[in-house]
Amino acid sequence: MDFQDVVQKSHEPLDVKVGMPEDQRRGIANGLNKVLSDTYVLLGKTHGFHWNVTGPHFHSLHEMFEDQYRDLVDAVDDIAERIRALGFFAPGSLSQFLKYADIEDEHGVPDAEEMIRQLARDNELLSRTCRAVVELTHKADDTVTEDLMNERMAAHDKAAWMLRATLR
């Protein structure tokens, strides 16, 4: 996956000297920008579905969606802070997140089954995006970002599995 060059170097008083050249840090930060944007859109979507789910499985879906959006709240902070540690600014507005995300925002209120299908697909997409960032981390020997992406892949794989398991 080729990540668009969108991150802006921060105005730190000292150069970032963490053992990686700027071009490698920039490539990883661009990948993280994509992960952050998709994560933020998924957070909003999951939270909205949590509020609006209806049907015979309301209670269990309401609780599962809550568990998932709470995990995403923590994730966006970790991802943005890693972008900053690499020496770049993290996107921080809804318009930026929507611009860079592949996950589509939901403008309506689908039925519970469609909510589940969308969230399962979105979590799978995010897992693939994290995997693409891991490829970049190998070239830069960036084990810190690799660990973060492995943690996020595990979370998205589990969320997608749990969502798929609720379907017939």
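Extension gain for the segment GLU63 to VAL18, taken as residue separation times 0.36 nm less the Cα-Cα distance, is 12.1 nm to one decimal.
When the dipole is taken about the Cα centre of the chain, and only Lys, Arg (+1) and Asp, Glu (-1) are charged at their Cβ, what size is it in debye, to the nearest 20? Before the final figure, lay out each step's value.
Details: 19 positive and 31 negative charges, 34 e Å.
Dipole magnitude for the chain comes out near 160 debye.
Whole Å is fine, so just give me how far the alpha carbon centre of the stretch 54-71 lies from that of the stretch 13-36. Computed from Cα coordinates, the inter-centre distance equals 36 Å. All other residues whose Cβ lies under 10 angstrom from that of ASP78 are scored, Lys and Arg at +1 and Asp and Glu at -1, for a net of -2. Placing pseudo-labels 7 Å out from each Cα toward the beta carbon at ASP141 and ASP77 gives an inter-label distance of 3.2 nm.
Per-residue ellipticity at 222 nm from helix content only, as computed over the chain with -39500 (n - 2.57) for each DSSP H run of at least four residues, stands at -24500 deg cm²/dmol.
Please report the net charge: other residues with Cβ closer than 11 Å to the Cβ of GLU104, K and R +1, D and E -1. List each step's numbers first, then the result.
On the way: positive: LYS45, ARG121; negative: ASP38, ASP102, ASP105, GLU106, ASP122.
Net charge in that neighbourhood comes out at -3.
Considering only the other residues whose Cβ falls under 13 Å of the Cβ of HIS138, what net charge follows from Lys and Arg at +1 and Asp and Glu at -1? Summing Lys/Arg as +1 and Asp/Glu as -1 gives -3.
Each value in this text was obtained by applying a stated rule to the coordinates, not by laboratory testing. Quick caveat: nothing in here was measured; it's all calculated off a predicted structure. Because the Cβ atoms are built from the backbone with ideal geometry, glycine has one as well, and the counts that use them run over all protein chains shown.
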